[in-house]
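Everything below concerns the one structure shown next.
The values are calculated or read from the model by the stated rules, or taken from the named source; none is laboratory data. What you see is a predicted model; the values in this text were computed from it and never measured. FYI the Cβ positions are ideal-geometry reconstructions off the backbone, even for glycines, and counts take in every protein chain you see.
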Amino acid sequence: MTADMNRQWRVARYPKPEELIGKAHFEWTSEPIAKPADGQFLVRTICLAPVPAQRGYLEKSHHSFLENLAIGEVMRGRGVGQIIASRHPDYPEGSIFVGSLGWQDYSLQHPRGAEFVFSTKKIKNPLRPLSMELGILGQAGATAYFGLLETGQMKAGDNVLISGAAGGVGSAAGQIARIKGAKQVVGITGADEKCRWLGDELGYDATINYKTENVGERIAELFPDGIDVFFDNVGGDILNAALGNLAMHARIAICGFIATDYSPGPHHGPINYQCMVYKRARMEGFVVFDYWDRYAEAEQDLLNWHNEGLLKNTEDEDEGLENMPAALASLFTGGNIGVKILRVSPDPDVLPQEKFK
(Lines give C-alpha, C1' and ligand atoms only; values in the text may rest on other atoms or scores of the structure.)
Protein backbone atom coordinates (compact mmCIF):
# COMPACT_ATOMS: atom_id res chain seq x y z
CA MET A 1 0.00 0.00 0.00
CA THR A 2 1.47 3.33 -1.05
CA ALA A 3 1.46 6.58 0.88
CA ASP A 4 -1.41 7.98 -1.20
CA MET A 5 -3.72 5.12 -0.24
CA ASN A 6 -6.20 5.01 2.62
CA ARG A 7 -5.91 1.80 4.63
CA GLN A 8 -9.19 0.57 6.09
CA TRP A 9 -10.75 -2.19 8.14
CA ARG A 10 -14.14 -3.21 6.75
CA VAL A 11 -16.75 -5.54 8.20
CA ALA A 12 -16.28 -9.02 6.71
CA ARG A 13 -18.69 -11.11 8.77
CA TYR A 14 -20.77 -10.92 11.93
CA PRO A 15 -19.52 -12.72 15.04
CA LYS A 16 -21.54 -15.45 16.68
CA PRO A 17 -22.62 -14.74 20.27
CA GLU A 18 -19.91 -16.97 21.73
CA GLU A 19 -17.11 -15.71 19.46
CA LEU A 20 -14.41 -13.34 20.59
CA ILE A 21 -14.33 -10.42 18.20
CA GLY A 22 -11.13 -10.32 16.19
CA LYS A 23 -9.32 -10.09 12.90
CA ALA A 24 -11.44 -12.80 11.27
CA HIS A 25 -14.47 -10.50 11.33
CA PHE A 26 -12.81 -7.74 9.32
CA GLU A 27 -11.19 -7.26 5.92
CA TRP A 28 -7.99 -5.20 5.48
CA THR A 29 -8.45 -3.04 2.39
CA SER A 30 -7.17 0.16 0.82
CA GLU A 31 -8.46 2.77 -1.57
CA PRO A 32 -7.19 6.11 -2.90
CA ILE A 33 -7.39 8.97 -0.44
CA ALA A 34 -10.53 10.95 -1.21
CA LYS A 35 -10.47 14.67 -1.91
CA PRO A 36 -12.97 16.92 -0.14
CA ALA A 37 -15.80 18.38 -2.16
CA ASP A 38 -17.31 21.77 -1.42
CA GLY A 39 -18.36 21.87 2.24
CA GLN A 40 -16.25 18.84 3.21
CA PHE A 41 -12.89 18.37 4.90
CA LEU A 42 -10.39 15.53 5.11
CA VAL A 43 -9.19 14.26 8.49
CA ARG A 44 -6.00 12.27 9.05
CA THR A 45 -6.49 9.83 11.91
CA ILE A 46 -4.07 10.20 14.83
CA CYS A 47 -5.62 7.89 17.44
CA LEU A 48 -8.62 5.61 17.72
CA ALA A 49 -10.30 4.37 20.89
CA PRO A 50 -11.78 0.85 20.79
CA VAL A 51 -14.69 0.39 23.20
CA PRO A 52 -16.80 -2.71 23.97
CA ALA A 53 -19.88 -1.15 22.35
CA GLN A 54 -18.18 -1.45 18.95
CA ARG A 55 -18.86 -5.17 18.99
CA GLY A 56 -22.52 -4.31 19.19
CA TYR A 57 -22.33 -2.62 15.79
CA LEU A 58 -21.89 -6.11 14.33
CA GLU A 59 -24.84 -7.69 16.14
CA LYS A 60 -27.90 -7.92 13.90
CA SER A 61 -30.23 -8.41 16.84
CA HIS A 62 -28.29 -6.27 19.27
CA HIS A 63 -30.22 -3.47 20.92
CA SER A 64 -27.77 -0.67 20.27
CA PHE A 65 -28.21 3.09 20.31
CA LEU A 66 -26.49 3.25 16.90
CA GLU A 67 -27.40 1.44 13.70
CA ASN A 68 -25.61 -1.81 12.97
CA LEU A 69 -23.04 -1.89 10.19
CA ALA A 70 -23.52 -3.75 6.93
CA ILE A 71 -21.03 -6.21 5.50
CA GLY A 72 -18.43 -4.24 3.56
CA GLU A 73 -18.77 -1.00 5.49
CA VAL A 74 -15.77 0.65 7.11
CA MET A 75 -15.79 -0.26 10.79
CA ARG A 76 -17.14 2.54 12.91
CA GLY A 77 -14.87 4.04 15.57
CA ARG A 78 -14.34 7.27 17.43
CA GLY A 79 -11.01 8.98 17.03
CA VAL A 80 -8.99 12.17 17.12
CA GLY A 81 -7.33 13.52 14.00
CA GLN A 82 -6.11 16.59 12.16
CA ILE A 83 -7.80 18.32 9.25
CA ILE A 84 -5.31 18.21 6.38
CA ALA A 85 -7.50 19.50 3.54
CA SER A 86 -10.64 21.57 3.81
CA ARG A 87 -13.31 23.17 1.68
CA HIS A 88 -15.33 24.34 4.65
CA PRO A 89 -14.68 27.82 6.12
CA ASP A 90 -15.40 26.80 9.71
CA TYR A 91 -13.01 23.83 9.67
CA PRO A 92 -9.59 25.12 8.56
CA GLU A 93 -6.59 22.95 7.79
CA GLY A 94 -4.52 22.15 10.85
CA SER A 95 -7.50 22.00 13.21
CA ILE A 96 -7.72 19.10 15.65
CA PHE A 97 -10.95 17.18 15.27
CA VAL A 98 -12.74 14.49 17.30
CA GLY A 99 -15.49 12.36 15.82
CA SER A 100 -16.48 9.11 14.17
CA LEU A 101 -13.41 8.70 11.98
CA GLY A 102 -13.74 4.95 11.43
CA TRP A 103 -11.01 2.34 11.33
CA GLN A 104 -9.03 4.03 8.58
CA ASP A 105 -6.17 6.43 7.95
CA TYR A 106 -8.30 9.20 6.46
CA SER A 107 -11.98 10.15 6.52
CA LEU A 108 -14.11 12.72 4.77
CA GLN A 109 -16.30 14.73 7.10
CA HIS A 110 -19.24 17.00 6.35
CA PRO A 111 -20.83 19.05 9.17
CA ARG A 112 -24.47 18.52 8.40
CA GLY A 113 -27.30 16.76 10.16
CA ALA A 114 -27.91 15.89 13.78
CA GLU A 115 -25.50 12.94 13.83
CA PHE A 116 -22.51 15.16 13.08
CA VAL A 117 -23.39 17.80 15.65
CA PHE A 118 -24.19 15.06 18.15
CA SER A 119 -20.90 13.26 17.99
CA THR A 120 -18.11 15.56 16.85
CA LYS A 121 -16.24 18.61 17.95
CA LYS A 122 -13.31 20.79 17.01
CA ILE A 123 -10.78 21.17 19.82
CA LYS A 124 -10.09 24.78 20.80
CA ASN A 125 -6.89 24.36 22.79
CA PRO A 126 -5.65 20.79 22.40
CA LEU A 127 -3.29 19.28 24.94
CA ARG A 128 -0.66 16.61 24.46
CA PRO A 129 -1.07 13.76 24.06
CA LEU A 130 -4.08 14.24 21.80
CA SER A 131 -5.28 10.80 22.85
CA MET A 132 -6.56 12.45 26.05
CA GLU A 133 -9.42 13.77 23.91
CA LEU A 134 -10.61 10.15 23.70
CA GLY A 135 -9.89 9.38 27.36
CA ILE A 136 -10.21 11.46 30.50
CA LEU A 137 -10.97 14.66 28.55
CA GLY A 138 -13.27 12.87 26.12
CA GLN A 139 -15.92 10.19 26.00
CA ALA A 140 -14.47 7.97 28.73
CA GLY A 141 -14.16 10.86 31.17
CA ALA A 142 -17.60 12.22 30.34
CA THR A 143 -19.17 8.77 30.76
CA ALA A 144 -17.64 8.43 34.22
CA TYR A 145 -18.59 12.01 35.12
CA PHE A 146 -22.26 11.90 34.18
CA GLY A 147 -22.80 8.28 35.17
CA LEU A 148 -21.42 8.81 38.65
CA LEU A 149 -22.68 12.32 39.40
CA GLU A 150 -25.98 12.45 37.48
CA THR A 151 -27.28 8.89 37.16
CA GLY A 152 -25.60 7.73 40.38
CA GLN A 153 -26.24 11.01 42.21
CA MET A 154 -23.02 10.48 44.16
CA LYS A 155 -22.44 12.90 47.03
CA ALA A 156 -19.72 13.48 49.60
CA GLY A 157 -19.61 10.76 52.25
CA ASP A 158 -20.98 8.02 49.98
CA ASN A 159 -19.52 4.53 49.90
CA VAL A 160 -18.85 3.79 46.23
CA LEU A 161 -18.27 0.49 44.41
CA ILE A 162 -17.07 0.35 40.81
CA SER A 163 -16.90 -2.74 38.61
CA GLY A 164 -14.59 -2.88 35.62
CA ALA A 165 -12.56 -0.49 37.74
CA ALA A 166 -9.30 -0.76 35.79
CA GLY A 167 -10.88 0.04 32.43
CA GLY A 168 -11.07 3.44 30.80
CA VAL A 169 -14.40 4.51 32.29
CA GLY A 170 -13.96 2.69 35.60
CA SER A 171 -10.55 4.20 36.29
CA ALA A 172 -11.94 7.69 35.67
CA ALA A 173 -15.05 7.05 37.79
CA GLY A 174 -12.98 5.99 40.79
CA GLN A 175 -10.84 9.11 40.61
CA ILE A 176 -13.89 11.35 40.30
CA ALA A 177 -15.48 9.67 43.32
CA ARG A 178 -12.37 10.48 45.36
CA ILE A 179 -12.35 14.08 44.11
CA LYS A 180 -16.03 14.52 45.05
CA GLY A 181 -15.47 13.32 48.61
CA ALA A 182 -16.53 9.68 48.69
CA LYS A 183 -16.09 8.07 52.10
CA GLN A 184 -14.50 5.07 50.41
CA VAL A 185 -14.00 3.85 46.86
CA VAL A 186 -13.71 0.13 46.15
CA GLY A 187 -12.89 -1.28 42.71
CA ILE A 188 -13.58 -4.71 41.25
CA THR A 189 -11.20 -6.09 38.63
CA GLY A 190 -9.74 -9.40 37.51
CA ALA A 191 -6.00 -9.33 38.19
CA ASP A 192 -3.73 -8.70 41.17
CA GLU A 193 -1.64 -6.35 39.03
CA LYS A 194 -4.71 -4.23 38.34
CA CYS A 195 -5.69 -4.27 42.01
CA ARG A 196 -2.28 -2.91 42.96
CA TRP A 197 -2.47 -0.27 40.24
CA LEU A 198 -5.87 0.93 41.42
CA GLY A 199 -4.60 1.35 44.95
CA ASP A 200 -1.10 2.65 44.30
CA GLU A 201 -1.77 4.89 41.31
CA LEU A 202 -5.41 5.95 41.57
CA GLY A 203 -6.00 5.98 45.30
CA TYR A 204 -8.70 3.32 45.61
CA ASP A 205 -9.27 2.43 49.27
CA ALA A 206 -9.68 -1.28 48.54
CA THR A 207 -10.03 -3.67 45.62
CA ILE A 208 -11.64 -7.03 44.88
CA ASN A 209 -10.20 -9.59 42.46
CA TYR A 210 -13.32 -11.33 41.20
CA LYS A 211 -11.27 -14.23 39.83
CA THR A 212 -9.70 -15.19 43.16
CA GLU A 213 -12.08 -13.83 45.81
CA ASN A 214 -15.71 -14.36 46.76
CA VAL A 215 -17.17 -11.08 45.54
CA GLY A 216 -20.28 -11.14 47.71
CA GLU A 217 -18.35 -11.89 50.88
CA ARG A 218 -15.75 -9.22 50.15
CA ILE A 219 -18.40 -6.60 49.43
CA ALA A 220 -20.14 -7.40 52.71
CA GLU A 221 -16.80 -7.12 54.52
CA LEU A 222 -15.83 -3.81 52.90
CA PHE A 223 -19.31 -2.24 53.07
CA PRO A 224 -20.70 -3.04 56.53
CA ASP A 225 -23.21 -0.21 56.11
CA GLY A 226 -23.96 -1.11 52.50
CA ILE A 227 -23.17 0.40 49.09
CA ASP A 228 -24.48 3.91 48.46
CA VAL A 229 -23.47 4.10 44.78
CA PHE A 230 -22.60 1.20 42.47
CA PHE A 231 -21.16 2.17 39.08
CA ASP A 232 -21.52 -1.01 37.04
CA ASN A 233 -19.61 -1.73 33.83
CA VAL A 234 -19.99 -5.51 34.01
CA GLY A 235 -23.41 -6.89 34.98
CA GLY A 236 -23.92 -10.61 35.62
CA ASP A 237 -22.91 -12.17 38.91
CA ILE A 238 -21.06 -9.05 40.07
CA LEU A 239 -24.20 -6.95 39.72
CA ASN A 240 -26.13 -9.60 41.63
CA ALA A 241 -23.58 -9.59 44.45
CA ALA A 242 -23.77 -5.80 44.71
CA LEU A 243 -27.57 -5.85 44.84
CA GLY A 244 -27.33 -8.08 47.90
CA ASN A 245 -25.26 -5.48 49.76
CA LEU A 246 -27.03 -2.16 49.24
CA ALA A 247 -27.43 0.70 51.67
CA MET A 248 -30.79 2.38 52.13
CA HIS A 249 -31.67 4.52 49.08
CA ALA A 250 -28.70 3.17 47.10
CA ARG A 251 -28.22 4.16 43.47
CA ILE A 252 -26.97 1.79 40.76
CA ALA A 253 -25.74 3.38 37.51
CA ILE A 254 -25.69 0.83 34.69
CA CYS A 255 -22.95 1.81 32.24
CA GLY A 256 -22.19 -1.57 30.65
CA PHE A 257 -22.65 -5.32 30.89
CA ILE A 258 -19.57 -6.80 29.33
CA ALA A 259 -19.85 -9.99 31.42
CA THR A 260 -23.09 -11.05 29.72
CA ASP A 261 -23.70 -8.95 26.64
CA TYR A 262 -21.70 -10.96 24.13
CA SER A 263 -21.52 -14.39 25.73
CA PRO A 264 -23.78 -17.33 24.82
CA GLY A 265 -27.14 -17.34 26.58
CA PRO A 266 -29.55 -17.68 28.04
CA HIS A 267 -28.75 -15.23 30.82
CA HIS A 268 -30.73 -15.09 34.02
CA GLY A 269 -31.72 -11.83 35.61
CA PRO A 270 -30.32 -10.70 38.95
CA ILE A 271 -31.55 -12.95 41.74
CA ASN A 272 -31.17 -10.22 44.36
CA TYR A 273 -33.34 -7.63 42.65
CA GLN A 274 -35.84 -7.77 45.53
CA CYS A 275 -33.20 -6.05 47.66
CA MET A 276 -33.92 -2.90 45.70
CA VAL A 277 -37.40 -2.89 47.24
CA TYR A 278 -36.15 -3.55 50.75
CA LYS A 279 -33.54 -0.80 50.45
CA ARG A 280 -35.69 1.62 48.41
CA ALA A 281 -32.90 1.61 45.86
CA ARG A 282 -32.86 2.90 42.29
CA MET A 283 -31.16 1.27 39.28
CA GLU A 284 -30.90 3.21 36.02
CA GLY A 285 -29.08 2.77 32.75
CA PHE A 286 -27.59 5.68 30.87
CA VAL A 287 -25.88 6.58 27.61
CA VAL A 288 -23.35 9.39 27.74
CA PHE A 289 -24.65 10.96 24.51
CA ASP A 290 -27.82 11.87 26.41
CA TYR A 291 -25.71 14.57 28.06
CA TRP A 292 -24.22 15.98 24.87
CA ASP A 293 -25.59 19.47 25.57
CA ARG A 294 -23.70 19.46 28.89
CA TYR A 295 -20.34 18.17 27.64
CA ALA A 296 -18.71 21.57 28.14
CA GLU A 297 -19.52 21.37 31.85
CA ALA A 298 -17.87 17.96 32.18
CA GLU A 299 -14.88 18.96 30.05
CA GLN A 300 -14.16 22.00 32.19
CA ASP A 301 -14.29 20.06 35.45
CA LEU A 302 -12.22 17.19 34.04
CA LEU A 303 -9.61 19.58 32.65
CA ASN A 304 -9.39 21.52 35.92
CA TRP A 305 -8.94 18.32 37.92
CA HIS A 306 -6.28 17.11 35.51
CA ASN A 307 -4.39 20.41 35.67
CA GLU A 308 -4.56 20.31 39.47
CA GLY A 309 -3.05 16.82 39.50
CA LEU A 310 -6.21 15.23 40.88
CA LEU A 311 -7.23 13.29 37.76
CA LYS A 312 -4.62 11.11 36.12
CA ASN A 313 -4.56 10.31 32.43
CA THR A 314 -4.74 6.50 32.32
CA GLU A 315 -3.95 5.05 28.90
CA ASP A 316 -2.94 1.68 27.50
CA GLU A 317 -1.60 2.43 24.04
CA ASP A 318 -1.00 0.10 21.10
CA GLU A 319 0.40 1.20 17.75
CA GLY A 320 -0.55 0.54 14.15
CA LEU A 321 -3.92 0.60 12.41
CA GLU A 322 -3.30 -3.01 11.41
CA ASN A 323 -3.64 -3.96 15.10
CA MET A 324 -7.09 -2.45 15.64
CA PRO A 325 -9.02 -5.78 15.70
CA ALA A 326 -6.66 -7.14 18.34
CA ALA A 327 -7.00 -3.94 20.37
CA LEU A 328 -10.78 -4.32 20.41
CA ALA A 329 -10.53 -8.01 21.31
CA SER A 330 -8.31 -7.20 24.28
CA LEU A 331 -11.17 -5.35 25.97
CA PHE A 332 -13.06 -8.64 26.31
CA THR A 333 -10.12 -10.55 27.80
CA GLY A 334 -8.99 -8.04 30.42
CA GLY A 335 -6.00 -7.02 28.35
CA ASN A 336 -6.03 -3.31 29.13
CA ILE A 337 -5.35 -1.01 32.06
CA GLY A 338 -6.99 2.38 31.63
CA VAL A 339 -8.33 3.77 28.36
CA LYS A 340 -7.40 1.61 25.38
CA ILE A 341 -5.81 3.74 22.66
CA LEU A 342 -4.65 2.68 19.21
CA ARG A 343 -2.16 5.15 17.75
CA VAL A 344 -2.37 5.43 13.97
CA SER A 345 0.00 8.38 13.40
CA PRO A 346 2.08 10.76 15.54
CA ASP A 347 0.71 13.91 17.12
CA PRO A 348 1.48 16.96 14.95
CA ASP A 349 4.67 18.87 15.75
CA VAL A 350 2.65 22.07 16.16
CA LEU A 351 -0.83 22.19 17.67
CA PRO A 352 -3.26 24.99 16.84
CA GLN A 353 -4.26 27.21 19.74
CA GLU A 354 -6.66 29.55 18.00
CA LYS A 355 -10.08 30.11 19.49
CA PHE A 356 -12.64 28.60 17.17
CA LYS A 357 -16.16 29.88 16.83
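A few comments on the model shown:
- Set GLY187, GLY199, GLY244: member being touching a Cys at 6+ places or on another chain (Cβ under 9 Å) and within 22 Å of VAL339 (Cα to Cα): GLY187
- Qualifying positions in the stretch 1-42 - aliphatic (A, V, I, L, M) and farther than 17 Å from GLY320 by Cα: VAL11, ALA12, LEU20, ILE21, ALA24, ILE33, ALA34, ALA37, LEU42
- Taking the numbered list (1) of a type outside the set (Ser, Thr, Tyr); (2) assigned to a helix (DSSP H, G or I); (3) surrounded by fewer than 19 Cβ atoms within 10 Å (Cβ to Cβ) in turn, MET248 passes all entries but (2).
- Boolean, PRO126 is in a loop (DSSP other than H, G, I, E, B), surrounded by 21 or more Cβ atoms within 10 Å (Cβ to Cβ) and modelled with pLDDT under 90: yes
- Check on LYS340, modelled with pLDDT under 90 and of a type in the set (D, E, K, R): no
- Only residues that are free of Cβ contacts under 8 Å to residues at least 40 places away in the same chain and either farther than 17 Å from ALA156 by Cβ or among the β-branched types (Val, Ile, Thr) (or both) were counted in the stretch 172-188, giving 3.
Residues are listed down the side, and each one gets a yes or a no for (1) over 17 Å from GLY79 (Cα atoms); (2) assigned by TED's automatic domain parsing to the domain that holds ILE21; (3) among the charged types (D, E, K, R):
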| position | (1), (2), (3) |
| --- | --- |
| GLY285 | yes, no, no |
| GLU297 | yes, no, yes |
| LEU302 | yes, no, no |
| ASN307 | yes, no, no |
| GLU319 | no, yes, yes |
| MET324 | no, yes, no |
| GLY334 | yes, yes, no |
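- Tally of residues being outside any strand (DSSP E or B) and among the small types (Gly, Ala, Ser) across the stretch 81-104: 3
Matching residues to (1) in contact with a strand residue (DSSP E or B) (Cβ under 8 Å, 6 or more places away or on another chain); (2) basic (Lys, Arg); (3) modelled with pLDDT under 95:
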| residue | (1), (2), (3) |
| --- | --- |
| HIS267 | no, no, yes |
| LYS279 | yes, yes, no |
| ASP290 | no, no, yes |
| GLU297 | no, no, yes |
| GLN300 | no, no, yes |
| LEU310 | no, no, no |
| THR314 | yes, no, yes |
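- Qualifying positions in the stretch 316-334 - modelled with pLDDT under 90 and either on the phi > 0 side of the Ramachandran plot or assigned to a strand (DSSP E or B) (or both): GLY334
- Positions within the stretch 161-185 being over 21 Å from PHE146 (Cβ atoms) and in contact with a Gly (Cβ under 9 Å, 6 or more places away or on another chain), in sequence order: LYS183
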